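Enquirer: Below is the structure I would like to discuss, written out as structure tokens.
The values are calculated or read from the model by the stated rules, or taken from the named source; none is laboratory data. From a predicted model like this one, the values you see are computed outputs, not experimental measurements. Positions of Cβ are generated from backbone atoms using ideal geometry, with glycine treated the same way; all protein chains shown enter the neighbour counts.
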Amino acid sequence: MKKYRFLIAFLVYAPRLQAQHPHHVTPEQTPKQVYLTMMDTMMVRMADAPVGNSPATIFLNQMILHHQGAIAMANYEIIHGKNGEMIQLAKSIRVEQKSEIEQMQLWLKQASANGTPIPLMFQPAMDQTMNVMMKTMPLTNALTDIDKAFAAVMKPHHQAAIDMAKVLLQYSGNGSVNAYARQLMANQQIDIDQMSDFLK
């Protein structure tokens with residue numbers, strides 16, 4: 001049931017994005033459209049993520065894919081970006097989130113097969129973080145500067161990760177994963193502040 005709810009939530013907002021860009025990167029796409037194409041791919045993968053047997057494992061499965069989406073965008077910025085500050089930020093995001101993915105994968109391997117009860121409102125709250133992210137993506141097709149496009153799309157992506165972490169902390173009793181969620185919130189807020197300053 002969870003996958004269907006998540007996919008339906010994505011499909012509500014997908015047409016708005018699809019009107020701005022196709023599903024595959026083409027030479028005619030603006031930088032913003034390239035990044036949103038990567039976002040589409042991430043959302044489809046998250047809709048098909050393993051369900052998990054606890055709030056912590058659901059969070060980890062979702063956040064791994066969310067991080068992989070950020071890494072894809074960071075890789076594109078590193079190759080094609082022009083602004084040194086944003087390229088360096090992209091490099092930092094790539095290194096940090098690759099390391100975090102490895103840690104999250106380790107936690108999933110170590111997770112108990114028995115799991116813990118999943119509160120009724122946990123998954124809807126997680127789904128809502130993605131709904132908000134899609135609503136707050138930049139709309140203007142005039143955003144052709146590659147570095148500003150990177151920052152404008154990565155900002156709501158980072159905010160969604162923070163919102164996912166907040167949901168986890170509300171419903172999870174897993175000390176290690178909760179501690180990671182708190183650190184994630186702090187780290188990604190720093191990036192958001194930097195991108196906000198860059199976009200001024």
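Enquirer: Within the range 100-119, does at least one residue satisfy the condition of being modelled with pLDDT of 95 or more, crowded, with 20+ Cβ neighbours inside 10 Å, within 30 Å of GLN29 (Cβ to Cβ) and of a type in the set (A, V, I, L, M, F, W, C)?
Expert: Within the range 100-119, none of the residues are modelled with pLDDT of 95 or more, crowded, with 20+ Cβ neighbours inside 10 Å, within 30 Å of GLN29 (Cβ to Cβ) and of a type in the set (A, V, I, L, M, F, W, C).
Enquirer: Out of everything in the range 120-171 that is among the β-branched types (Val, Ile, Thr) and outside any helix (DSSP H, G or I), what residue ends up being modelled with the lowest pLDDT?
Expert: Selected residue: THR140.
Enquirer: Does the range 134-155 contain any residue that is touching a Pro at 6+ places or on another chain (Cβ under 9 Å) and under 16 Å from MET63 (Cβ atoms)?
Expert: Within the range 134-155, none of the residues are touching a Pro at 6+ places or on another chain (Cβ under 9 Å) and under 16 Å from MET63 (Cβ atoms).
Enquirer: Let me ask something additional. In the range 191-200, how many are assigned to a helix (DSSP H, G or I) and over 16 Å from the mean Cα position of the chain (by Cα)?
Expert: Residues meeting the conditions: 6.
Enquirer: Give me the pairs: first residue in the range 41-60 and over 21 Å from ILE71 (Cβ atoms) and in contact (Cβ under 8 Å) with a residue 24 or more places away in the chain, second residue small (Gly, Ala, Ser) and crowded, with 21+ Cβ neighbours inside 10 Å, beta-carbon distance under 7 Å, and six or more apart or on different chains, which are they?
Expert: Once the first residue is over 21 Å from ILE71 (Cβ atoms) and in contact (Cβ under 8 Å) with a residue 24 or more places away in the chain and sits in the range 41-60, its partners that are small (Gly, Ala, Ser) and crowded, with 21+ Cβ neighbours inside 10 Å give PRO55/SER172; ALA56/SER172.
Enquirer: Could you name every one of the helices (runs of 4 or more DSSP H) located completely within the range 1-83 that has at least 1 residues being of a type in the set (A, V, I, L, M, F, W, C), more than 18 Å from the chain's Cα centre (by Cα) and modelled with pLDDT of 90 or more?
Expert: 55-80
Enquirer: While we're here: Which residue is surrounded by the fewest Cβ atoms within 10 Å (Cβ to Cβ), if the candidates are limited to the range 146-166 and must be touching a residue at least 60 places away in the same chain (Cβ under 8 Å) and among the β-branched types (Val, Ile, Thr)?
Expert: ILE146
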